[in-house]
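The values are calculated or read from the model by the stated rules, or taken from the named source; none is laboratory data. Since we're looking at a predicted model, the values are computed, not measured. Here the Cβ positions follow ideal geometry from the backbone for every residue, glycine too, while neighbour counts run over all protein chains shown.
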Amino acid sequence: MAPTPINATSWTFADTYVDEDDVLVAARARAEEVGVVPIGAGTGATLRFLSAVLEARAIVEIGTGTGVSGVWLLRGMRPDGVLTTVDVEAEHQRLARESFKDAGIAPQRVRTIAGSALDVLPRLTDGHYDIVFADGDKREYGAYLSEALRLLRPGGVVAFDNALWHDRVADPAQRDDETVAIRDLVAQVAATEGLVPALLPVGDGLLVAKKEWVPESD
Ligand SMILES: C[S@@+](CC[C@H](N)C(=O)[O-])C[C@H]1O[C@@H](n2cnc3c(N)ncnc32)[C@H](O)[C@@H]1O
(Lines give C-alpha, C1' and ligand atoms only; values in the text may rest on other atoms or scores of the structure.)
Protein backbone atom coordinates (compact mmCIF):
# COMPACT_ATOMS: atom_id res chain seq x y z
CA MET A 1 0.00 0.00 0.00
CA ALA A 2 1.31 3.46 -0.89
CA PRO A 3 2.00 5.71 2.12
CA THR A 4 -0.45 8.56 2.80
CA PRO A 5 1.00 11.84 1.45
CA ILE A 6 1.93 14.34 4.15
CA ASN A 7 -0.29 17.42 4.46
CA ALA A 8 0.79 21.03 3.92
CA THR A 9 1.35 21.62 7.65
CA SER A 10 3.80 18.74 7.92
CA TRP A 11 5.52 19.79 4.70
CA THR A 12 6.00 23.36 5.98
CA PHE A 13 7.22 22.03 9.32
CA ALA A 14 9.83 19.91 7.54
CA ASP A 15 10.83 22.64 5.10
CA THR A 16 11.45 25.19 7.87
CA TYR A 17 12.91 22.71 10.37
CA VAL A 18 16.39 24.26 10.13
CA ASP A 19 16.28 28.02 10.80
CA GLU A 20 18.05 30.66 8.76
CA ASP A 21 20.21 33.22 10.55
CA ASP A 22 20.59 36.97 9.93
CA VAL A 23 23.21 36.38 7.22
CA LEU A 24 20.76 34.34 5.14
CA VAL A 25 17.88 36.74 5.87
CA ALA A 26 20.06 39.59 4.51
CA ALA A 27 21.05 37.51 1.45
CA ARG A 28 17.34 36.90 0.77
CA ALA A 29 16.62 40.64 1.05
CA ARG A 30 19.31 41.30 -1.58
CA ALA A 31 17.70 38.67 -3.81
CA GLU A 32 14.35 40.40 -3.54
CA GLU A 33 15.95 43.75 -4.45
CA VAL A 34 17.14 42.37 -7.80
CA GLY A 35 14.27 39.96 -8.48
CA VAL A 36 16.19 36.72 -7.90
CA VAL A 37 14.34 33.73 -6.41
CA PRO A 38 16.68 31.91 -4.02
CA ILE A 39 16.39 28.34 -2.78
CA GLY A 40 14.18 27.75 0.26
CA ALA A 41 15.49 26.98 3.74
CA GLY A 42 14.70 23.25 3.44
CA THR A 43 16.67 23.03 0.21
CA GLY A 44 19.52 24.96 1.82
CA ALA A 45 19.60 22.59 4.79
CA THR A 46 19.64 19.62 2.41
CA LEU A 47 22.50 21.07 0.36
CA ARG A 48 24.49 21.82 3.51
CA PHE A 49 23.84 18.25 4.67
CA LEU A 50 25.08 16.77 1.37
CA SER A 51 28.11 19.02 1.42
CA ALA A 52 28.89 17.97 5.00
CA VAL A 53 28.33 14.24 4.41
CA LEU A 54 30.65 14.33 1.39
CA GLU A 55 33.15 16.50 3.30
CA ALA A 56 33.20 18.55 0.12
CA ARG A 57 36.44 20.27 -0.91
CA ALA A 58 35.28 21.51 -4.32
CA ILE A 59 31.78 22.45 -5.48
CA VAL A 60 30.47 24.02 -8.68
CA GLU A 61 27.31 26.10 -8.49
CA ILE A 62 25.41 27.23 -11.57
CA GLY A 63 23.35 30.33 -10.69
CA THR A 64 25.03 32.29 -7.88
CA GLY A 65 22.12 34.69 -7.35
CA THR A 66 22.84 36.76 -4.24
CA GLY A 67 24.50 33.89 -2.40
CA VAL A 68 21.76 32.13 -0.41
CA SER A 69 22.58 28.67 -1.75
CA GLY A 70 26.30 29.47 -1.76
CA VAL A 71 26.30 30.28 1.97
CA TRP A 72 24.45 27.02 2.73
CA LEU A 73 26.89 24.96 0.61
CA LEU A 74 29.99 26.64 2.05
CA ARG A 75 28.78 26.03 5.59
CA GLY A 76 28.71 22.28 4.93
CA MET A 77 32.09 22.10 3.18
CA ARG A 78 35.44 21.38 4.77
CA PRO A 79 36.94 24.57 6.22
CA ASP A 80 39.36 24.76 3.28
CA GLY A 81 36.72 23.89 0.64
CA VAL A 82 36.33 26.12 -2.41
CA LEU A 83 33.02 27.01 -4.08
CA THR A 84 33.22 27.85 -7.79
CA THR A 85 30.04 29.74 -8.63
CA VAL A 86 28.91 30.88 -12.08
CA ASP A 87 26.34 33.52 -12.96
CA VAL A 88 25.63 35.46 -16.11
CA GLU A 89 24.82 38.59 -14.04
CA ALA A 90 27.90 40.24 -12.52
CA GLU A 91 25.64 42.42 -10.32
CA HIS A 92 24.13 39.31 -8.68
CA GLN A 93 27.64 38.10 -7.92
CA ARG A 94 28.60 41.46 -6.41
CA LEU A 95 25.68 41.08 -4.01
CA ALA A 96 26.61 37.44 -3.34
CA ARG A 97 30.11 38.52 -2.34
CA GLU A 98 28.49 40.77 0.30
CA SER A 99 26.58 37.72 1.59
CA PHE A 100 29.77 35.62 1.73
CA LYS A 101 31.57 38.44 3.57
CA ASP A 102 28.68 38.75 6.07
CA ALA A 103 28.97 34.98 6.65
CA GLY A 104 32.66 35.39 7.52
CA ILE A 105 33.80 33.28 4.58
CA ALA A 106 37.39 33.90 3.53
CA PRO A 107 37.56 35.37 -0.02
CA GLN A 108 39.89 32.60 -1.22
CA ARG A 109 37.13 30.04 -0.55
CA VAL A 110 34.88 31.45 -3.29
CA ARG A 111 35.69 31.66 -6.98
CA THR A 112 33.00 33.74 -8.70
CA ILE A 113 32.99 33.47 -12.47
CA ALA A 114 30.78 35.86 -14.42
CA GLY A 115 29.50 34.33 -17.62
CA SER A 116 27.01 32.03 -19.22
CA ALA A 117 27.15 28.54 -17.67
CA LEU A 118 27.58 26.74 -20.98
CA ASP A 119 30.56 28.96 -21.84
CA VAL A 120 32.20 28.60 -18.43
CA LEU A 121 31.62 24.95 -17.44
CA PRO A 122 33.68 23.44 -20.31
CA ARG A 123 36.71 25.33 -18.91
CA LEU A 124 36.49 23.63 -15.48
CA THR A 125 38.57 20.55 -14.57
CA ASP A 126 37.20 17.04 -15.26
CA GLY A 127 36.55 14.75 -12.29
CA HIS A 128 37.56 17.38 -9.74
CA TYR A 129 34.29 18.27 -7.98
CA ASP A 130 32.36 16.68 -5.12
CA ILE A 131 29.07 18.43 -5.92
CA VAL A 132 27.60 20.24 -8.91
CA PHE A 133 24.53 22.27 -7.92
CA ALA A 134 22.40 23.63 -10.77
CA ASP A 135 20.01 26.56 -10.33
CA GLY A 136 20.53 28.54 -13.55
CA ASP A 137 18.49 28.56 -16.78
CA LYS A 138 15.95 25.70 -16.53
CA ARG A 139 15.97 25.18 -20.31
CA GLU A 140 19.67 24.31 -20.08
CA TYR A 141 19.32 21.65 -17.37
CA GLY A 142 19.97 18.77 -19.81
CA ALA A 143 23.23 20.38 -20.91
CA TYR A 144 24.19 21.04 -17.26
CA LEU A 145 23.77 17.31 -16.58
CA SER A 146 26.28 16.42 -19.32
CA GLU A 147 28.76 18.92 -17.93
CA ALA A 148 28.17 17.73 -14.35
CA LEU A 149 28.87 14.09 -15.25
CA ARG A 150 32.24 15.18 -16.61
CA LEU A 151 33.07 17.52 -13.71
CA LEU A 152 32.13 15.18 -10.83
CA ARG A 153 34.57 12.79 -9.24
CA PRO A 154 33.25 9.22 -8.84
CA GLY A 155 31.09 9.27 -5.69
CA GLY A 156 30.18 12.94 -6.27
CA VAL A 157 26.62 14.27 -6.38
CA VAL A 158 24.73 16.42 -8.87
CA ALA A 159 21.71 18.38 -7.59
CA PHE A 160 19.11 20.37 -9.54
CA ASP A 161 16.79 22.87 -7.87
CA ASN A 162 13.17 23.39 -9.02
CA ALA A 163 12.83 19.76 -10.09
CA LEU A 164 9.08 19.93 -9.41
CA TRP A 165 8.82 23.47 -10.90
CA HIS A 166 5.79 24.85 -9.10
CA ASP A 167 3.86 21.55 -9.41
CA ARG A 168 4.09 21.72 -13.22
CA VAL A 169 6.54 18.85 -13.87
CA ALA A 170 4.15 16.18 -12.55
CA ASP A 171 1.24 17.58 -14.56
CA PRO A 172 1.46 16.32 -18.18
CA ALA A 173 -0.91 19.10 -19.32
CA GLN A 174 1.87 21.67 -18.67
CA ARG A 175 3.96 21.95 -21.85
CA ASP A 176 5.92 25.23 -21.56
CA ASP A 177 9.65 25.13 -22.42
CA GLU A 178 10.97 25.20 -18.87
CA THR A 179 8.59 22.53 -17.58
CA VAL A 180 9.35 20.23 -20.51
CA ALA A 181 13.11 20.71 -20.07
CA ILE A 182 12.93 19.84 -16.37
CA ARG A 183 10.60 16.88 -17.03
CA ASP A 184 13.05 15.57 -19.65
CA LEU A 185 15.94 15.98 -17.22
CA VAL A 186 14.12 14.08 -14.46
CA ALA A 187 13.53 11.19 -16.88
CA GLN A 188 17.09 11.34 -18.22
CA VAL A 189 18.66 11.19 -14.75
CA ALA A 190 16.53 8.15 -13.86
CA ALA A 191 17.58 6.41 -17.09
CA THR A 192 21.30 7.20 -16.96
CA GLU A 193 23.44 4.22 -16.11
CA GLY A 194 25.96 4.88 -13.37
CA LEU A 195 23.76 7.32 -11.43
CA VAL A 196 21.93 6.69 -8.14
CA PRO A 197 19.00 9.13 -8.30
CA ALA A 198 16.37 10.50 -5.88
CA LEU A 199 13.78 13.23 -6.34
CA LEU A 200 13.45 14.95 -2.96
CA PRO A 201 10.21 16.86 -2.24
CA VAL A 202 11.98 19.72 -0.44
CA GLY A 203 11.32 23.30 -1.49
CA ASP A 204 10.38 23.31 -5.17
CA GLY A 205 11.87 19.83 -5.60
CA LEU A 206 15.54 18.86 -5.44
CA LEU A 207 16.70 16.21 -7.90
CA VAL A 208 19.88 14.54 -6.67
CA ALA A 209 22.01 11.76 -8.13
CA LYS A 210 25.25 10.20 -7.03
CA LYS A 211 27.81 9.33 -9.70
CA GLU A 212 28.69 5.76 -8.89
CA TRP A 213 32.20 4.59 -8.20
CA VAL A 214 33.70 2.83 -11.18
CA PRO A 215 34.87 -0.70 -10.21
CA GLU A 216 38.62 -1.08 -10.48
CA SER A 217 39.64 -3.33 -13.36
CA ASP A 218 41.98 -6.28 -12.72
C1 LIG B 1 17.24 31.16 -9.23
S2 LIG B 1 18.57 32.24 -9.33
C3 LIG B 1 19.82 31.47 -8.34
C4 LIG B 1 19.60 31.61 -6.88
C5 LIG B 1 20.73 31.06 -6.03
N6 LIG B 1 21.08 29.69 -6.39
C7 LIG B 1 20.35 31.10 -4.57
O8 LIG B 1 19.64 30.20 -4.10
O9 LIG B 1 20.75 32.06 -3.89
C10 LIG B 1 19.17 31.92 -10.94
C11 LIG B 1 20.46 32.64 -11.26
O12 LIG B 1 20.96 32.06 -12.47
C13 LIG B 1 21.50 33.07 -13.27
N14 LIG B 1 21.46 32.55 -14.66
C15 LIG B 1 20.40 32.47 -15.50
N16 LIG B 1 20.76 31.90 -16.66
C17 LIG B 1 22.08 31.62 -16.54
C18 LIG B 1 23.04 31.04 -17.42
N19 LIG B 1 22.71 30.62 -18.64
N20 LIG B 1 24.32 30.92 -16.99
C21 LIG B 1 24.67 31.33 -15.74
N22 LIG B 1 23.80 31.90 -14.87
C23 LIG B 1 22.53 32.04 -15.26
C24 LIG B 1 20.62 34.29 -13.01
O25 LIG B 1 21.31 35.48 -13.32
C26 LIG B 1 20.30 34.14 -11.54
O27 LIG B 1 21.20 34.87 -10.73
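The set of residues in region 1-32 being surrounded by fewer than 10 Cβ atoms within 10 Å (Cβ to Cβ) and over 20 Å from the mean Cα position of the chain (by Cα) consists of 1, 2, 3, 4, 5, 7, 8, 9, 22. Taken as a whole, region 142-162 holds at least one residue that is away from the ligand (no atom under 12 Å from the Cβ), of a type in the set (D, E, K, R) and within 25 Å of residue 213 (Cβ to Cβ).
Contact map, region 89-101: residues that are polar (S, T, N, Q) and at pLDDT 95 or above paired with residues that are assigned to a helix (DSSP H, G or I) and more than 11 Å from the ligand (Cβ to nearest atom), Cβ distance under 9 Å, separation 6+ or inter-chain. Pairs shown: 99/23; 99/26. At least 2 residues being within 16 Å of the ligand (Cβ to nearest atom) and out of contact with any strand residue (DSSP E or B) (no Cβ under 7 Å at 6 or more places or on another chain) is the threshold, and among the helices (runs of 4 or more DSSP H) wholly inside region 1-81 those reaching it are 22-34, 41-53, 68-76.
When the residues of region 163-175 are filtered to those that are surrounded by fewer than 20 Cβ atoms within 10 Å (Cβ to Cβ) and at positive phi, which remaining residue is farthest from the ligand (Cβ to nearest atom)? The extreme case among them is 167. Within region 182-203, the residues that satisfy the criterion of being in contact with a Gly (Cβ under 8 Å, 6 or more places away or on another chain) and surrounded by fewer than 19 Cβ atoms within 10 Å (Cβ to Cβ) are 184, 188, 199. Looking only at residues of region 82-118 that are of a type in the set (Ser, Thr, Tyr) and under 18 Å from residue 144 (Cα atoms), we find that the one that is nearest to the ligand (Cβ to nearest atom) is 116. For the condition under 21 Å from residue 40 (Cα atoms), away from the ligand (no atom under 12 Å from the Cβ) and in contact with a Leu (Cβ under 6 Å, 6 or more places away or on another chain), residue 132 qualifies. Of the strands (runs of 3 or more DSSP E) lying entirely inside region 103-218, the ones with 2 or more residues being of a type in the set (Gly, Ala, Ser) are found at 152-161.
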